[in-house]
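Each remark here refers to the structure printed beneath this line.
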Amino acid sequence: GELNNEQVYDCIQDFFKSVVLPPSLKAKYSRKLGSWLAQGLNEESQKGVGKVINLFKESIMLDNKVVKTWHLFALTNYKRIQQIMASKDKSTISDSPHSQGLLYLIKDACEGFIKSISIGGSEFTETLQDTLKLLELWFKFGDIPEIQKQLKDAYGEIDISCWLNVVPQMIAKLDIPNDIILENA
């Protein structure tokens, strides 16, 4: 019979346990499987999102220099944040961005975008979009102390040319009514 995504995930995890693969190959397979499973996610697949994120985390643990993995990891977290924030029923995670579950998603998304931008630089085709998404998270959640610190630390990691590409978007946000975010911008 046909396997659903969860069964495929379980089969692949069993396969990984039963064979010895070079770390770079296992990282690549984890990234590809995560990418494939992410395509089938919808608003109701919270458990599936966790598995996809875990696959990207595993891939990053095995090979943390692959820009595409960082990009996919960040994007998956970002999309989940968008789903939660747009949801009328926030029964899975509370309304506040300070709730632990949402805070972890925000921190992981920021970390992923920061790494993707810093590793990929202006040569990576997704750098501009990643930088814009990082700015969006910054202007939405930049008043959370953990996010503030994370973004301040990122200044040195990200090449100045990546920031220069988004100066117009940063200027457009200078009328934001949050002094904490403006102070750090």
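Points worth noting:
- Among residues of the stretch 10-22 that are under 15 Å from residue 61 (Cβ atoms), those with a Cβ under 7 angstrom from a residue that is surrounded by 10 or more Cβ atoms within 10 Å (Cβ to Cβ), sequence gap 6+ or separate chain, pair up as 16/26.
- Residue satisfying all of: in the stretch 163-177; modelled with pLDDT under 80 and surrounded by 13 or more Cβ atoms within 10 Å (Cβ to Cβ); nearest to the chain's Cα centre (by Cα) among these: 163
- Within the stretch 119-162, being among the hydroxyl-bearing types (Ser, Thr, Tyr) and either at pLDDT 95 or above or on the phi > 0 side of the Ramachandran plot (or both) holds for no residue.
- Taking the stretch 52-69 as the range and being closer than 14 Å to residue 28 by Cβ and either of a type in the set (A, V, I, L, M, F, W, C) or surrounded by fewer than 21 Cβ atoms within 10 Å (Cβ to Cβ) (or both) as the test, the residues that pass are 55, 56, 58, 60, 61, 62, 63, 64, 65, 66, 67, 68.
- Residue in the stretch 92-109 that is in contact with an Asp or Glu (Cβ under 9 Å, 6 or more places away or on another chain), open to solvent by 40 Å² or more (accessible area, probe 1.4 Å) and either within 29 Å of residue 58 (Cβ to Cβ) or at pLDDT 80 or above (or both) present: yes
- Index of the failed condition, residue 47 passing every other in (1) within 21 Å of the chain's Cα centre (by Cα); (2) at pLDDT 90 or above: (2)
The values are calculated or read from the model by the stated rules, or taken from the named source; none is laboratory data. Quick caveat: nothing in here was measured; it's all calculated off a predicted structure. Positions of Cβ are generated from backbone atoms using ideal geometry, with glycine treated the same way; all protein chains shown enter the neighbour counts. Keep in mind that these areas ignore ligands, DNA and RNA; they rest on the heavy atoms of the full protein, side chains included. Shrake-Rupley method; radii C 1.70, N 1.55, O 1.52, S 1.80 Å.
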